[in-house]
Amino acid sequence: QPKHLSDYAAPDYLIETVDLDFHLEPERTIVHADLAMRPNPEAKAARPLVLDGEGVELISIAVDGKPLQPDEYSATETGLTVPDVPTGPFTLSLKTACNPEANEALLGLYRSNGAFCTQCEPEGFRRITFFLDRPDVLATYRVRLEADKKTNPVLLSNGNPVERGDVEGTDRHYAVWEDPHPKPSYLFAAVAGDLAKISDSFTTQSGREVALNIYVEHGKEDRCDWAMESLKNAMKWDEERFGREYDLDVFNIVAVSDFNMGAMENKGLNIFNDKLVLARPDTASDADYAAIEGVIAHEYFHNWTGNRITCRDWFQLCLKEGLTVFRDQEFSADLRAGPVKRILDVRNLKSRQFPEDSGPLAHPVRPGSYIEINNFYTATVYEKGAELCRMLQTMLGRDDFRKGLDLYFERHDGQAVTVEDFLAALADASGKDLSEFMHWYNQAGTPELACSLDYDQQSKTATLNVSQILPATPGQPNKEPMPIPLRIGLLGPNGDDLPLTLEDGTELSDGLLEVTEREQSFTFTGIPTPPTPSLLREFSAPVRLTQTIDLEQIEFLMMHDSDPFNRWQAAQSYAAKLLTDAARDRYNPEPVKGQGASRLAKALAVTANEEELAYAYRGEMLKLPSESDIARELARNIDTDAIREARETLRETIGNAIHADLAGIYEELADTGPYSPDGISAGKRSMRIAALDLLVGSGKDDELERAAAHYRGATNMTDAIYSLLILAPHDDPRRDEAMADFYERWKDDALVLDKWFAVQARSARPDSVEIVEGLLSHPKFSLKNPNRVRALIGSFANGNPTGFNRKDGAGYEFLAECALRIDKFNPHMAARLLGAFESWRFLEPNREAHAKATLEGLANAELSTDSYEIVSKTLGDE
Ligand code: ARG
Ligand code: ZN
């Protein structure tokens, strides 16, 4: 059943042009498709024509205008076979039907809030008509959409609009769209409905004027400004940083409220989860604003990295996703405080990708096999994939990396290619041999980089010993060493960076080493006294750094490191050391109450008061590692209650130790003025809320009142939602009041109400399983809407470690039941939720046993292919 990369074969037939005619009706949409086909000269000739299809009803079929008889083809639930087709070019005409209204998997053509929309990546087009639904079949499309005019005034597809008009004698109208750029079927899109539009325009660097439109539900027009501004910024940035210009007359974005993922880069017609478009200061938090900016840019950037140059097969998914995530990260870093963006990206990588890479679902950035490709839209493919592109940029240098990308675009425009093609372009343009780098794409697992520094007084040299340890992962017991860019600094006694000179005289002006062996040493000369090493600056490689370093040195780095990333990392490591010491095996309060904890508190107060540092950065410094960060550090025998107790105690210690500093920060940042999403204002809010969190953590009762007052005085969603989150775990009437107030105010606003569900799901309370279970029957809850499911069930499983991992296993049972119900109609969504079990083997024995029993129950249930793959791999073979 699994598909293998090594089985790739070119398609037997090619499709040159696609002519589609949609007669849109909610319950029975008819599609006429004329496909101009020919045998692929590169494939073995004279094979039957086999088209993909899924749940499509075939009404008629003709070749070169001649209808086929029933014995000349066979159409099934999964495809269409025509044994005898011409040996030269021919036109295949198909008339098919599908039912958008009944489509609850949200793949193919479906309905969201009364509008027709599509999601074709990766294999949804085959739910619309029979097709060679694979990314290496590229065609130009002409699309005619016809629908009832009153209920569907808007008719959109890919490319440029060429014609529209009424269908005489009916209530219907039509529009014709042409996309001149050859594309694979997964980039097809169509939208029809009654939508509001906001418009703007952008003039490209070569002077082409592009009409920009965002389509949203009526009444939401005032929530589109930020998305539009982000789009224009992205278009400009891609021209300046990568020389990439847009290539159509229009760029359309449609926001829909039922969407399995974040957004989709369909050529010229991006379709978005409305959560990633709609923002107004009172409805969206700073984090929402940042996410919108990033995802609008991400989908736009796909136009070159994904659309103009696409993937040969789905094993190459990282070719477009890793590169495009890297590009959107760089965009956001350029627009906002760069180091803070790096901190957020690394935090995200470590919290989502590292567990995946160390668990039963570990897979290479470019997987070698899969059962269901929908299960491979993972943190590994996306986020680790982006880290690989970042390492390439680091090793080649920005200029050569840019040259390499230029060559990639020039060489492969209009093609469907592989990771090897990408690396070849970078290697050819830079002259650097990248053959060993392929291991990063093919080997799963997070490498451990074990480092130690030896100082020799006699010769005044410091030697850095590095070894890379490559853990076994499912199906990959042995691994080859990989090239690892390791950026470092050595701090002298006053905290300044020492000049780095290698034994052979090479000066490392940028502190960049390249580790290529399993074991390697680097000796630096002219080091007068024992230095403090600052390793893996900027997080220059996605590895787990382990080193022999004591708390005093970590504290020194926390105060002095010139690399902002590592300075933050030092603060995190310091806290993590105390927290893991407290939560290992049996809870022991000493480390989080004693000397070390007060030293950490003082150091935090010092950095928090350093005015040269950006607000957002100081805010990050004040945030303790999360409960899941601590679990990851512990790595085994995880007791989520002990972790929470340790963290709450450290929060209390710090909140009391530097109470006056925190209160000072809180007061000083009180006036943030009228809401603006810019980095500085958002940074102030973030730092102020970080202080508030520690103040409330101190346990003084008036501090809870401070949080309640913060909520009552909030004039934007950021202040409202974070104070609500801080209040949420407390048993206090002020918490209940705030929660009720929020509900009353936002009960009719789907996106904001999602936050109300999420806050409760994330709130660590002894009865949180029951609370979340109760909310399943709330009148506003629905299993059919992915955003609501993620808000309640997803937030609980991934954002409430003590609740989900409750000792009695109730959290696991709850998730399994929900996933089983959802699996019946939306397998993609169910499989995603089940990913929350990925770390079950690292739990303490009692919880591990509960999780195992739940997983075994799931394995015995009737599951979709999607969920089956996740459950069976998660259980693994014993
Ligand atoms: N390509 C989209 C992106 O920008 C993701 C679409 C994934 N959809 C899916 N059903 N797996 O990342
Ligand atoms: Zn993407």
Tell me whether segment 633-648 contains one or more residues that are buried (at least 20 other Cβ atoms within 10 Å of the Cβ) and among the small types (Gly, Ala, Ser).
yes
Would you confirm whether or not segment 772-779 contains a residue that is closer than 27 Å to TYR370 by Cβ and either away from ligand 2 (no atom under 16 Å from the Cβ) or basic (Lys, Arg) (or both)?
no
Taking segment 241-266 and keeping only residues that are more than 30 Å from PHE401 (Cβ to Cβ) and within 16 Å of ligand 2 (Cβ to nearest atom), one is left with PHE259, ASN260
Out of (1) free of Cβ contacts under 8 Å to residues at least 60 places away in the same chain; (2) within 15 Å of ILE214 (Cβ to Cβ); (3) in contact with a helix residue (DSSP H, G or I) (Cβ under 6 Å, 6 or more places away or on another chain), the one SER230 does not meet is (1)
If ARG586 passes every condition in (1) modelled with pLDDT of 95 or more; (2) surrounded by fewer than 21 Cβ atoms within 10 Å (Cβ to Cβ); (3) charged (D, E, K, R) but one, which one does it miss?
(1)
Selection from segment 311-329 of residues crowded, with 22+ Cβ neighbours inside 10 Å and farther than 19 Å from GLY262 by Cα yields CYS311, PHE315, GLN316
Enumeration of residues in segment 663-688 that are outside any helix (DSSP H, G or I) and among the β-branched types (Val, Ile, Thr):
THR672
Wholly inside segment 577-662, helices (runs of 4 or more DSSP H) that include 1 or more residues that are under 25 Å from LEU349 (Cα atoms), touching a Pro at 6+ places or on another chain (Cβ under 8 Å) and in contact (Cβ under 8 Å) with a residue 24 or more places away in the chain are 615-621, 627-634, 640-657
Pair list, Cβ < 6 Å and 6+ apart or interchain, from segment 395-407 residues that are under 12 Å from LEU423 (Cβ atoms) to residues that are small (Gly, Ala, Ser)
LEU396/SER430; GLY404/ALA425; GLY404/ALA429; GLY404/SER430; LEU407/ALA425; LEU407/ALA429
Subset of segment 311-349 (residues that are away from ligand 2 (no atom under 15 Å from the Cβ) and within 28 Å of ASP7 (Cβ to Cβ)):
ARG312, ASP313, PHE315
Quick one: is ALA192 on the phi < 0 side of the Ramachandran plot, surrounded by fewer than 20 Cβ atoms within 10 Å (Cβ to Cβ) and of a type in the set (Gly, Ala, Ser)?
no
Determine the pairs where a residue that is away from ligand 2 (no atom under 16 Å from the Cβ), located within segment 120-140, has a partner that is of a type in the set (Lys, Arg) with Cβ atoms under 8 Å apart, the partner being 6 or more residues away or on another chain.
ASP133/ARG126; ASP136/ARG312; LEU138/LYS183; ALA139/LYS183; THR140/LYS183
Can you tell me which residue in segment 293-310 is nearest to ligand 2 (Cβ to nearest atom), limited to those that are surrounded by fewer than 24 Cβ atoms within 10 Å (Cβ to Cβ) and aliphatic (A, V, I, L, M)?
VAL295
Among the candidates ALA234, ALA255, ALA189, residue that is within 16 Å of ligand 1 (Cβ to nearest atom) and closer than 19 Å to LEU335 by Cα
ALA234
Of all strands (runs of 3 or more DSSP E) completely enclosed by segment 110-220, which ones contain at least 2 residues that are among the charged types (D, E, K, R)?
139-148, 160-166, 172-183, 196-203
Restricting to segment 195-221, and then to whatever is surrounded by fewer than 17 Cβ atoms within 10 Å (Cβ to Cβ) and in contact with a Ser or Thr (Cβ under 7 Å, 6 or more places away or on another chain), can you tell me which residue is nearest to ARG244 (Cα to Cα)?
GLU209
Given the conditions (1) at pLDDT below 95; (2) closer than 18 Å to GLN476 by Cβ, and given that ALA337 satisfies all but one, which numbered condition is not satisfied?
(2)
For ASP357, the lone unmet condition from (1) within 16 Å of ligand 2 (Cβ to nearest atom); (2) surrounded by 24 or more Cβ atoms within 10 Å (Cβ to Cβ); (3) among the charged types (D, E, K, R) is (1)
Taking segment 242-292, which residues are crowded, with 21+ Cβ neighbours inside 10 Å, basic (Lys, Arg) and over 30 Å from ASP823 (Cβ atoms)?
ARG244, LYS267
Got a sec? Which strands (runs of 3 or more DSSP E) wholly within segment 459-570 have at least 1 residues that are in contact (Cβ under 8 Å) with a residue 12 or more places away in the chain, among the small types (Gly, Ala, Ser) and within 30 Å of ARG599 (Cβ to Cβ)?
461-469, 484-491, 532-535
ILE554 meets each of (1) over 24 Å from LEU600 (Cβ atoms); (2) touching a helix residue (DSSP H, G or I) at 6+ places or on another chain (Cβ under 9 Å); (3) crowded, with 17+ Cβ neighbours inside 10 Å with one exception, condition (1)
Restricting attention to segment 795-817, does a residue exist that is assigned to a helix (DSSP H, G or I), within 16 Å of ligand 1 (Cβ to nearest atom) and over 23 Å from ASP585 (Cα atoms)?
no
Restricted to segment 34-92, and to residues that are basic (Lys, Arg) and under 19 Å from LEU14 (Cβ atoms), which residue is modelled with the lowest pLDDT?
LYS44
Considering only segment 66-92, state which residues are surrounded by fewer than 11 Cβ atoms within 10 Å (Cβ to Cβ), closer than 18 Å to VAL31 by Cβ and in contact with a strand residue (DSSP E or B) (Cβ under 8 Å, 6 or more places away or on another chain).
PRO67
So, GLU42, is that one in contact with a strand residue (DSSP E or B) (Cβ under 7 Å, 6 or more places away or on another chain) and within 21 Å of PRO86 (Cα to Cα) or not?
no
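The values are calculated or read from the model by the stated rules, or taken from the named source; none is laboratory data. Computed from a predicted model, the values in this text were never measured in an experiment. Cβ coordinates were reconstructed from backbone atoms using ideal geometry, including for glycine residues, and neighbour counts include every protein chain displayed.
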